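The values are calculated or read from the model by the stated rules, or taken from the named source; none is laboratory data. Being a predicted model, the structure only gives us computed values, none of them experimental. A quick note on method: Cβ atoms are made from the backbone with ideal geometry, for glycine too, and the neighbour counts reach across all protein chains shown. Please note that ligands, DNA and RNA were not included when accessible areas were found on the heavy atoms of the full protein model with its side chains. Shrake-Rupley method; radii C 1.70, N 1.55, O 1.52, S 1.80 Å.
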Amino acid sequence: MAAGTGAGAEGVAHRGDTPLEASVSEGQVKDVAPGGVLTYPSVTSCLTITVRLSGGGLVGAHASLFQVPGELRSDEILPALKAEVGGRQVSAIEVKGAVGAWHPSYFTKAIESYGDTDPVPVPTGQDSAGIARAVADGLGLPRPLVTVQDVPDGDQTVH
């Protein structure tokens, strides 16, 4: 699969044919070339994670609270994003979306993974620090690179 065409549950690969524009739907990971634009449509209860590469490119992931059929679950999104970034240098990581709807543990155990008797962790507010830590840990990158911002519902565009 070419980079920029998205990664669902079937996996992620990176090649040099990276596009200038990509729309990243729920449960997907895509990247764009330097000077490119990522669009995250219909961000409501989701979080978007945009990795800014030192060379100017962007790699984005659209983490959904509940898995979209055929796409990545919340506990699969950071490993896929990390694989797409590969060994490229990272200058910043921006997390935006419904911060108050997310418990940091959703990145390591998706809501769908809990059984009928297992209590699902429920966020008690906006845990920006916890989300930043979970993203940094999941990507294997330093915590200071990560910023977290609660944003209103709607489409997000990142240049």
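Points to keep in mind about this one:
- Tail fraction, Cα-Cα pairs, segment 91-159, threshold 14 Å, whole percent: 62 percent
- Distance distribution P(r), the chain, all Cα-Cα pairs, bin width 5 angstrom from 0: 2, 10, 20, 24, 22, 13, 5, 2, 1, 0 percent.
- Tilt relative to the chain, helix 128-139 - C-alpha long axis, 0 to 90 degrees, to 10: 50 degrees
- Residue 126 paired with residue 21, simple spin-label distance in nm, labels 7 Å along Cα-to-beta-carbon: 3.1 nm
- Overall, the accessible surface of the chain at a probe of 1.4 angstrom is composed of carbon and sulfur to the extent of 52 percent.
- Charged side chains reduced to their Cβ positions (Lys and Arg at +1, Asp and Glu at -1) give the chain a dipole of some 540 debye around its Cα centre.
- With helices as the sole contributors, the chain gives -4500 deg cm²/dmol at 222 nm; each DSSP H run of n ≥ 4 counts as -39500 (n - 2.57), and the sum is divided by every residue.
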